[in-house]
1. Report Rg (one decimal) and Dmax (nearest whole number) for segment 148-228, counting Cα atoms only, units Å.
2. If you average over every viewing direction, what projected area does the convex hull of the Cα atoms of segment 282-352 give, in nm²?
3. Quick one: which of K155/K225; K403/K445; K155/K403; K203/K425; K155/K445 span more than 26 angstrom between C-alpha atoms?
4. How big is D, in µm² s⁻¹, for segment 84-141 by Stokes-Einstein at 20 °C and 1.002 mPa s if Rh is the Kirkwood radius over C-alpha pairs?
5. So what is the relative contact order for the chain, in percent, with contacts set as C-alpha pairs under 8 Å and at least six apart?
6. Out of all DSSP beta bridges in segment 342-451, what portion is antiparallel? Express it as a percent rounded to 5.
7. Could you sort the peptides 155-167, 413-425 by per-residue average Cβ neighbour count (10 Å cutoff), highest mean leading?
8. Could you compute Rg(Cα) / (2.2 N^0.38 Å) for segment 376-427, with N its residue count?
Amino acid sequence: MTGTFTVINPATATPLAEVPRATESEVDAVIVRAVAAQRGWAALPPVARADALREFARVVEAHGEGLAQLEVRNSGHPIGSARWEAAHVAQVLNFYAGAPERLSGQQIPVAGGLDVTFHEPYGVVGIIVPWNFPMTTASWGFAPALAAGNAVVLKPAELTPLTAMRLGELALEAGLPEGLFQVVTGSGSVVGQRFVSHPDVRKVVFTGSTEVGTDVAAGCARALKPVTLELGGKSANIVFADADLEKAAASAPGAVFDNAGQDCCARSRILVQRSVYDRFLELLEPAVTAWRVGDPLLESTEMGPLISAAHRETVASFLDDARVAFRGSAPTGDGFWFAPTVVLAEPADRIAQEEVFGPVVAVLPFDDEADAIRLANDTAYGLAGSIWTESLGRGIRVSRGVKSGVLSVNSHSSVRYWTPFGGMKASGLGRELGPDAAEHFTEIKNVFFAT
Ligand code: TAP
């Protein structure tokens, strides 16, 4: 190790842990162990891999409270959210524990013999995750990858490595073979880049910013390895005049301020039909000012701090030339606090185009359905979005017109482990979760048997 780095509690701005910073040769040693472990894992009967993943899920569930408490301290997530995240990891593992026995190929009619396809694991899969949802984003990669017979090397973000490290320990406690699921802490430019360049890492899953994701994809292209990218977003929450306005306004803060806006699916643009624009803002204001920001260990807290002092500065920079309509409140004192903020914007404004990744939402008016779709699509991103209308036909038309990977009508839900998740345009490449995710961690081999 070339040393360690310090992990900070963002709610108190105090040091929490010292974590090893892996060197490139240490990453290479980890990959050698992964290659060895993968051979034995892939050779197991499918039912044995399924049982092992169910046991991993059981152990994660049994340690759910500990994982949640750790996430609160490392990421500043409110305890209720952190408990949901820990439970979600166990659910994702359980869901993909059903996959090893379902990864069947095809028998294809051919002349003169028998043609069969096999779904074969890539080998070692490298997973690189960001700091905003450290546990869940990791599980979306490692659960289906392991189910499909791969070994996994996981690099958590330097800001939030603690729950990933704990999951690595729990995998061993659950009896997964040594080397099958390894967590490597260190910098993106060393550990992440080595996953991209190492010939024995045969697939990469990257969740993070569009900027770094583009570099990772270019590196994977050079190494001729597949990559899944889950990147940034600037999702629209579209409110039509015929919507249940009370419900739309009451739910809008949660759709953007959840996890302090550090959410790739944050509905950070609210597009409101002009005829109800003033009324909607009147309804939104009390919902925003009532948003409870504070100690993430309190059950009543809805929003914790931002992840770091540097990130708080970046978020604040978006307000320099913005028209602030109203703000909620946040603690003063230690911790990287930022009050929920509502800004009135024009389509070309920076705040309406770029991902803030903080608790700031831009509100923009639109005229009609076509205008709403045009504005919703008027950013580089295409991850998520919501449509509020009482008209079924409008809900169908607009959801088909908006170029985003995950949309919901009269709700803000984006994530269910059994439905596909991922972005269009600058928001990503490929899909995670859903019924097909384990297949995405296999290569198809076709074998012809002459008879
Ligand atoms: P990034 O700065 O892109 O970092 C993401 C991960 O990549 C971290 O582990 C980072 O390591 C690593 N990394 C940095 N440079 C690298 C390099 N050159 N090669 C390989 N890996 C490298 O993103 P972030 O700031 O942590 O996360 C915020 C972004 O993630 C937002 O844009 C957000 O929208 C996006 N996000 C998307 C989703 C989905 S599912 N679409 C989910 C969550 C977040 P270090 O820790 O060392 O920097």
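Read-outs throughout are calculated quantities, based only on the coordinates presented, and are distinct from any laboratory measurement. Since we're looking at a predicted model, the values are computed, not measured. Neighbour counts are summed over all protein chains in view; Cβ atoms, including those assigned to glycine, are modelled from backbone coordinates with ideal geometry.
1. 13.1, 38
2. Working: hull surface 21.8 nm².
The orientation-averaged projected area of the Cα hull of segment 282-352 comes to 5.5 nm².
3. Numbers: K155/K225 18 Å; K403/K445 33 Å; K155/K403 30 Å; K203/K425 21 Å; K155/K445 29 Å.
As for pairs spanning more than 26 Å Cα to Cα, those are K403/K445; K155/K403; K155/K445.
4. Estimated via Stokes-Einstein, D reaches 148 µm²/s.
5. Working: 1043 pairs, mean separation 82.6, N = 451.
Relative contact order for the chain comes out at 18 percent.
6. Once the DSSP bridges in segment 342-451 are tallied, antiparallel ones form about 10 percent.
7. Packing order, densest peptide first, comes out as 155-167, 413-425.
8. Relative to the 2.2 N^0.38 Å estimate, segment 376-427 comes out at 1.11.
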